[in-house]
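What follows is a set of notes on a single structure, which appears directly below.
The values are calculated or read from the model by the stated rules, or taken from the named source; none is laboratory data. Given the structure is predicted, the values throughout are model-derived calculations rather than measurements. Cβ placement follows ideal geometry from the backbone for every residue including glycine, while neighbour counts extend to all protein chains displayed. What goes into the accessible areas is simple: the full protein's heavy atoms, side chains included, and nothing from ligands, DNA or RNA. Shrake-Rupley method; radii C 1.70, N 1.55, O 1.52, S 1.80 Å.
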Amino acid sequence: MADGIPGAIPDGIDESRPSIARVYDAVLGGEHNFAVDRAIAAESLRIVPEIGDVGRYNRAVLGRGVRYMAGAGIRQFLDLGSGLPTVQNTHQVARAAAPDARVVYVDNDPIVRAHGRALLAEENRAAVVMADLRDSESILAHPQVRGLIDLGRPVGLMLLGVVHHLNDEEDPVGIVRRYLDAMPAGSYLFLTHFCASSPEAAGLERALLADLGTGRFRTLEEITAYFDGLELIDPGVTYLPLWRPEEPVEPPLTVGQSLMAGGLARKV
């Protein structure tokens, strides 16, 4: 145990460098983070006091989107930038709706790999792959991906709360497109993203870019561009609490409720 993290620290981790997955974990009140991660989480909380709720909105919309895809017949999911395990992970939600569902999680943080593999130790239809989502060719050819995901059949491609960590010069739209191009008609793209929706959002973007080096807040129009050529599922690209809510959402939205947006679309 080090710096409050339970269990052994995986090799190759620099405790002085923040991690996207661990900052999210700290924001959500988790244990798998270091002091440097908690400092960024605290600054985020100062700028947007609802930041913990934002993580929960993203987790809640994951459930709604996965259930929709399972109901539409999707039985295999590729979850890119999945982050640290928490309640109601993709394979748990998918299995509740479709017991034969298969899931591959992909992340580049060694702690995610260690805790994900522990969570999936008894699983034979779910796996965690350590890789960087920018390297689509290697991920799509990875033996564990190919062992569980049949690219000849529709796939639920998930990029929740991760594409905003790709800077403009990395061509995030092109990266997403390369995954979609490898998947057949009937596949879905499920994507959520920080949204440039308020002065507080702009302040949080500045802080994340300065402290974490990533965290681009894009407009609703820019987020919608990831779905070009796809058939958007109603209500289209919108703020997370408004995407197929299970309970009424009272207007006006708060800063936190409008801090992330996303959508789900089908490849035709």
Dipole magnitude (debye, nearest 20) for region 37-155, charges at Cβ of Lys, Arg, Asp, Glu:
380 debye
Other residues with Cβ under 10 Å from the Cβ of residue 215 give, with Lys and Arg +1 and Asp and Glu -1, a net charge of 0
Quick one: if the Förster radius is 35 Å, what FRET efficiency do residue 15 and residue 202 give, using the C-beta to C-beta distance and rounding to 0.05?
0.70
So which GluC sites (Glu not before Pro) in region 90-148 are both in a DSSP loop and have at most 12 other Cβ atoms within 10 Å of their Cβ?
122
I'd like the distance between the alpha-carbon centres of region 248-268 and region 135-177, rounded to an integer number of Å.
23 Å
Stretched fully, the stretch from residue 254 through residue 221 gains (0.36 nm per residue minus C-alpha distance, one decimal, in nm) 9.9 nm
Residue-normalised accessible area of the chain, given per residue in Å² at a 1.4 Å probe
43 Å²
If I model a spin label at residue 42 and residue 146 as a point 7 Å from the Cα along the Cα→Cβ vector, what separation in nanometres do I get?
4.8 nm
Based on DSSP H assignment, which helices of the chain show an axial Cα extent of at least 30 Å together with a mean Kyte-Doolittle hydropathy greater than or equal to -1.0?
51-71
Once Lys and Arg get +1 and Asp and Glu get -1 on their Cβ, which of 97, 65, 45 lies farthest toward the positive end of the dipole of region 40-114?
97
Quick check: at a probe of 1.4 Å, how many percent of the accessible area of the chain sits on carbon and sulfur atoms?
51 percent
With point charges of +1 on the Cβ of Lys and Arg and -1 on the Cβ of Asp and Glu, referenced to the Cα centre of region 114-268, which listed residue (176, 209, 115) lies farthest in the positive direction of the dipole?
115
Is there a quick way to get the dipole size of region 72-120? I mean about its Cα centre, with the Cβ of Lys and Arg at +1 and of Asp and Glu at -1; what is the value in debye to the nearest 20?
140 debye
